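K.L.:
This is the structure, below, for whatever I ask next.
The values are calculated or read from the model by the stated rules, or taken from the named source; none is laboratory data. Just so you know, these numbers come straight off a predicted model, no measurement behind them. Neighbour counts are summed over all protein chains in view; Cβ atoms, including those assigned to glycine, are modelled from backbone coordinates with ideal geometry. For the accessible areas, the whole protein counts, side chains as well, though only heavy atoms, and no ligand, DNA or RNA atoms are used. Shrake-Rupley method; radii C 1.70, N 1.55, O 1.52, S 1.80 Å.
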Amino acid sequence: MTESDGALTSAPSFEPPLRDAEIRAAPGTRARHGRTTPCHGATVRRTARQRVLPARTVGEGHTSARKFAERALRTVLEVLDHRRPAGQLAAVAHPPVVAALRGMVGGDRVPFRELGVAVLARVDISMVDPATAEVYARYHRGSRHFAVAARITCARDGWRLAALHV
């Protein structure tokens, strides 16, 4: 904001407008062949320098990632509450995440477990690219509210938990 004659005005915008069109490859680079991902069926084409993301792909990937995130986080909370065996996490998470959760459960280091059963309240996601999303959620234990954050990635066999912070 700048001041002129005692009034404030908006600063000029120096950013180019957003486009729904594809991002073009830099001169001298070639686009690689596309591949279809099992996460949302979209073809992801990558250039040597930039990722190409058609506008319609964001919605499809967002929906499937959100559904997976809700299911995966419910599974994680059930494992932390000893209502589900930790081995069932192998279907939704990468091995390091499963090992970390097994350590928490085995060492009884689950925070505030004495307050009651964990109930997932709200899950939001933010797509990083067509094959990666950041997940942030809230859950309740008794009258207390807690947060959980995760990163999910699209692998050959579908979405998987790649990182988790409880």
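K.L.:
So what's the Cα pair-distance distribution over the stretch 124-166, bin width 5 Å, in %?
P.N.:
The distribution over the stretch 124-166 is 6, 22, 27, 18, 13, 8, 5, 2, given as percents.
K.L.:
If ligands, DNA and RNA are left out, what is the accessible area of residue 63 with a 1.4 Å probe, given in Å² to the nearest 10?
P.N.:
70 Å²
K.L.:
With the full set of protein chains in place, find how many percent of the accessible area of the stretch 59-166 is carbon and sulfur; take the probe as 1.4 Å.
P.N.:
53 percent
K.L.:
Continuing with the same structure: With N denoting the number of residues in the stretch 68-165, provide Rg(C-alpha) divided by 2.2 N^0.38 Å, to two decimal places.
P.N.:
So the stretch 68-165 has a normalised radius of gyration of 1.03.
K.L.:
Obtain the nm distance between the two label points defined at residue 156 and residue 117 by a simple spin-label model: each point lies 7 Å from its Cα along the Cα-to-C-beta direction.
P.N.:
3.9 nm
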